Amino acid sequence: MAALMIQGCGSDVGKSVLVAGLCRLFANRGLKVAPFKPQNMSNNAAVTADGGEIGRAQALQALACRVPPTVDMNPVLLKPQSDTGAQVVVRGKAVGTFEAAAYQARKGAWLEVVLDSFARLEAAHDLVLVEGAGSPAETNLRAGDIANMGFARAAGVPVVLVGDIDRGHVIAALVGAHAVLDPDDAAMIKGFLINKFRGDPALFDSGRAEIVARTGWRDCGMAPWLAAARRLPAEDALVFDRPTGAKTKIAVPLLSRIANFDDLDPLRAEPQVDLVFVPPGTALPGDADLVILPGTKSTLADLAFLRAQGWDIDLAAHVRRGGRVLGICGGFQMLGRAVADPLGLEGPAGSAPGLGLLDIETVLAGDKVLAPTAGRL
């Protein structure tokens, strides 16, 4: 069996899309391919056939492989609930909420789980394409690492390091990574790849040669800027579109713990729709036809956040004008008379009055029911 790991010089350098593209490329060549990400951090999750949760990017990569997603493809998923804490999902099931320092102290305990999931995928496929998280050059996170070099060395998987030239400083990013990495970690990197290049590739020939000279890593080439990638589900970064003057305007307040915002991608694809994400500190547009309250990883906290922005007042005015409102998941819960989290499942235990637009009350309790769904656009 074979495996290759794609790591990056930072977040959002294009690792997920590159892995998805390689998954489809090798699947088209007749290989049985599977994606794998040891540890992911995202509130955009997907549901597997057995009712587990994995990061949306791994579900997309499984689709590229033409195989059903499984919890082994992303055995550890972190779903942020605050600036310092996250719910930890292991093999598809939530195991608790941890502050960042507490998670860092015990993340190495899940390396065995990660290696076991990887071994199952490797045994069942011709090729496993592994995606790293963030950057291996964040050496302050190296102890107990399971996301990058800690996994690569434990599993013996070679690495290609990706630099994003679109954001600049790509030579410094790659050469800097070589400079700070432990020599045994650096030895796992068999080559580098320049991603998101625009223009004439020959203009960067000398830059690639300098990276080779300073690192000794093999030059694996350049991948061009792929505009179509913006139509793929985002993992943890919103894409803000400019208003198009379309017939229907839909406003979405950007909650602090917004989750599964890629649920709204079909609306973005509609040519007759302006989908407007409203940032904090900005009033909901008065000419919106529809306001959507999106999902959130912390309903009570984001209900308070919504009120702090004055969006509850904007929403009431919108309804008085005859505007429509749609709530999804946590956004739906906010529309009721009250929301209660007596067990502290999404943060500190407590309750709060809702927005009073629906005759419902929500009490968070017990295990979440997860099931795959299908639809047609």
Of the candidates GLY134, GLY30, MET222, the farthest towards the positive dipole end of the chain (Lys/Arg Cβ +1, Asp/Glu Cβ -1, centred on the Cα centre) is GLY30
One would report the antiparallel percent of DSSP beta bridges in the chain, rounded to the nearest 5, as 35 percent
How large is the helix-only mean residue ellipticity at 222 nm for the chain, computed as the sum of -39500 (n - 2.57) over DSSP H runs with n ≥ 4, divided by its residue count, in deg cm²/dmol to the nearest 500? -8000 deg cm²/dmol
Springs between alpha-carbon pairs under 10 angstrom, Gaussian network model over the chain: which of ALA187, ALA34, ALA20 fluctuates most? ALA187
Using the Karplus equation 6.51 cos²θ - 1.76 cosθ + 1.60 (θ = phi - 60°), what ³J(HN,Hα) coupling, rounded to whole Hz, does each residue of the range 304-313 give in order, writing x for Gly and Pro? 5, 4, 4, 5, 5, 7, x, 5, 5, 5
Taking placed amide H atoms and a strict 5 Å upper bound, the residues 5 or more places from LEU254 or on another chain that come that close are VAL278
Summed side-chain charge close to SER206 - residues other than SER206 whose Cβ falls under 14 Å, Lys, Arg +1, Asp, Glu -1: -2
Can you tell me the dipole magnitude for the chain around its Cα centre, using point charges on the Cβ only (Lys, Arg +1; Asp, Glu -1), in Debye to the nearest 20? 620 debye
Taking the 0 to 90 degree range and rounding to the nearest ten, how far is the long axis of helix 15-28 tilted relative to the main principal axis of the chain, both from C-alpha atoms? 70 degrees
Taking only C-alpha pairs under 8 Å that are 6+ residues apart, what is the relative contact order of the range 1-146 in percent? 35 percent
Gyration tensor on Cα atoms of the range 289-377, a ≥ b ≥ c root eigenvalues, a/c under 1.5 rounded, else prolate if a/b beats b/c, else oblate, says oblate
Within the accessible area of the chain, what % is carbon and sulfur when the probe is 1.4 Å and the other protein chains stay in place? 57 percent
Sequence-distant or interchain residues sharing an amide H contact under 5 Å with ALA187, placed H: which? none
By how many degrees, between 0 and 90 and to the nearest 10, does the Cα long axis of helix 170-180 differ from the longest principal axis of the chain? 70 degrees
For the chain: relative contact order, % (alpha-carbon pairs under 8 angstrom, 6 or more apart): 15 percent
For the range 292-301, in order, what is each residue's ³J(HN,Hα) by Karplus, 6.51 cos²θ - 1.76 cosθ + 1.60 with θ = phi - 60°, in whole Hz (x at glycine and Pro)? 10, 8, x, x, 8, 7, 9, 5, 5, 5
Interchain or long-range residues, amide H under 5 Å from LYS32's placed H: ASP126, LEU127
Classify the range 60-192 from the C-alpha gyration tensor, please: rounded if a/c falls under 1.5, else prolate or oblate depending on whether a/b exceeds b/c. oblate
Taking only Cα atoms of the range 159-218, what ratio of Rg to Rh do you get with Rh as the Kirkwood inverse-distance radius? 0.96
Kindly identify the range 212-351 as rounded, prolate or oblate by the Cα gyration tensor criterion: order the square roots of the eigenvalues as a ≥ b ≥ c, call it rounded if a/c is under 1.5, otherwise compare a/b with b/c, prolate if a/b is larger, else oblate. oblate
The range 342-348 - phi-based ³J(HN,Hα) in whole Hz, Karplus 6.51/-1.76/1.60, Gly and Pro as x: x, 8, x, 6, 10, x, x
Return an integer: the convex hull volume of the alpha-carbon atoms of the range 101-147, in Å³ per residue. 71 Å³
Fluctuation leader among ALA338, ALA173, ALA316 - the chain, Gaussian network, Cα springs under 10 angstrom: ALA316
So if I average 1/r over every pair of distinct C-alpha atoms in the chain and take the inverse, what Kirkwood radius in Å does that give? 22.2 Å
Sum of side-chain charges, LEU115 neighbourhood, beta-carbon under 12 Å (Lys, Arg +1; Asp, Glu -1): -2
Relative contact order of the range 233-377: what whole-number percent is it, with Cα pairs under 8 angstrom and at least 6 residues apart? 20 percent
Result for the chain: accessible area per residue, probe 1.4 angstrom, in square angstrom, of 47 Å²
Cα long-axis angle, helix 56-65 against the chain (0 to 90 degrees, to the nearest 10): 60 degrees
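The values are calculated or read from the model by the stated rules, or taken from the named source; none is laboratory data. Nothing here was measured: the structure is a model prediction, and the numbers come from that model. Counting neighbours? That spans all protein chains shown, and the Cβs are built from the backbone with ideal geometry, glycine included. Ligands, DNA and RNA are excluded from the accessible area calculation, which covers all protein heavy atoms including side chains. Shrake-Rupley method; radii C 1.70, N 1.55, O 1.52, S 1.80 Å.
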